[in-house]
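One structure is given below, encoded as structure tokens.
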Amino acid sequence: AGLAGTTVITAPLGRDVFAPGLLARHFEKVESAVFPHWIRSGERLAEQGMAAGMAGIFGEISGGHYGPSMIASGYLGKARALLSGLGFSGPPDDGSELDPEPLTAWMSERLSVPGLDRPWYLSDSGSEALTGPDVLGEINAGIQADLRRLVARGVKSRVPLLEAFISEHRGSQYIQAQALSLRSNLEISIPFAHRECFSLASWIPFGAKIHNRLHRALLDQWWPSGLSRPLAATLVPADAPFLLQEASRAVRRTYEGLRCTAHFRTAGRAPRPRLGWTDFDAFRDPAVHGPVVESLGSDLFDRAAIARSLAALSDPSRPVHAQPYVDQMGKILTVDRLTR
């Protein structure tokens, strides 16, 4: 039994999740291979008789997820950005309106791509097409054009502009693919996805939303018992003080890191912890990722180079996690399908 009388269905992320045939059957409707586990989830829900699926992806805006910590580098940089947004470390952004040109220039400096290195997975022709001399300028010109458009719409201060930019790009172009990956099997429901709701969420001061402050206040009013439940990410309830949540998160990450290191150094004899959701160990098997590489058909990609990189996953003594490879291969497969 799950929360509020719902049913929780669990299933391992086995080799069938990454089978090229799964993608081939569903890509026409899904149009993304970045979240194959969501495609499989849609199948499982349909098997259970469900008619529609949903994901809380747009709650990330009202939860204060798309702020300065998104562009901060390193764990300490992100921690400083989070503390600043919460008012613990220096004053948070006061929302002062700035003139359009200085505002756009300030944000462009932080978002512009400084240079392009040849990605390890591209062929010679792919590298020439995607990292040529004009590509970097086109990317940065596109970023500046998007910022100017948002400023022209009325976004006139720094953090709201950053939040709007991240929402349009990471939110609508990447994270949204989670829910859309269900649509081969289910109708898609996006609760609260109304223009006025998004507009309201975007105008709420960032400091009032960050770290789910607004969400916790809503739960406290409408479902206070929900705040007392432990969280997988922090190991303490949602109503625990912020510093205690972050301290427990650090403890969890340290514990997972030590256990994973022991697992790899003992060639798998020491068991791995199963606290996080990024458990894609099935992809470490060459019998699983090999057919995925062989399914590539576009001349943009160097299949031999990709196979060599994935070979590191097959060595149980090497501390290499599968999740980043699954994410990258999902993007590669998506481009491959769209450019054939």
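Assorted remarks:
- Stokes-Einstein D for the range 221-340, Kirkwood Rh over Cα pairs, 37 °C, 0.692 mPa s (µm²/s): 193 µm²/s
- Mean ellipticity per residue at 222 nm, deg cm²/dmol - from DSSP H runs of n ≥ 4 across the chain, formula -39500 (n - 2.57): -15000 deg cm²/dmol
- Where the Cα pairs of the range 33-135 fall when distances are cut into 5 Å bins, in %: 2, 9, 10, 11, 14, 13, 13, 13, 10, 5, 1
- A Cβ-based charge dipole, computed about the Cα centre of the range 226-303 with Lys and Arg at +1 and Asp and Glu at -1, lands at about 480 debye.
- Karplus-derived HN-Hα couplings along the range 282-294 (A = 6.51, B = -1.76, C = 1.60, θ = phi - 60°), whole Hz, x at Gly and Pro: 4, 6, 6, 7, x, 5, 9, 7, x, x, 5, 5, 5
- By a 1.4 Å probe calculation restricted to protein chains, Y75 has an accessible surface near 130 Å², given to the nearest 10.
- Residues of the chain: accessible area per residue with a 1.4 Å probe, Å²: 56 Å²
- Rg and Dmax over the alpha-carbon atoms of the chain stand at 21.8, 60 Å.
- The C-alpha atoms of the range 73-211 occupy a region whose extents along the principal axes are 48, 44, 34 Å, arranged from largest to smallest.
- Residues with amide H under 5 Å from that of F301, placed H, sequence gap 5 or more: S123
- Nearest-20 debye value, the chain charge dipole, Cβ charges on Lys, Arg, Asp, Glu: 1040 debye
The values are calculated or read from the model by the stated rules, or taken from the named source; none is laboratory data. Because the structure is a prediction, the values reported are computed rather than measured. A quick note on method: Cβ atoms are made from the backbone with ideal geometry, for glycine too, and the neighbour counts reach across all protein chains shown. The area values use the complete protein model at the heavy-atom level, side chains included, leaving out ligands, DNA and RNA. Shrake-Rupley method; radii C 1.70, N 1.55, O 1.52, S 1.80 Å.
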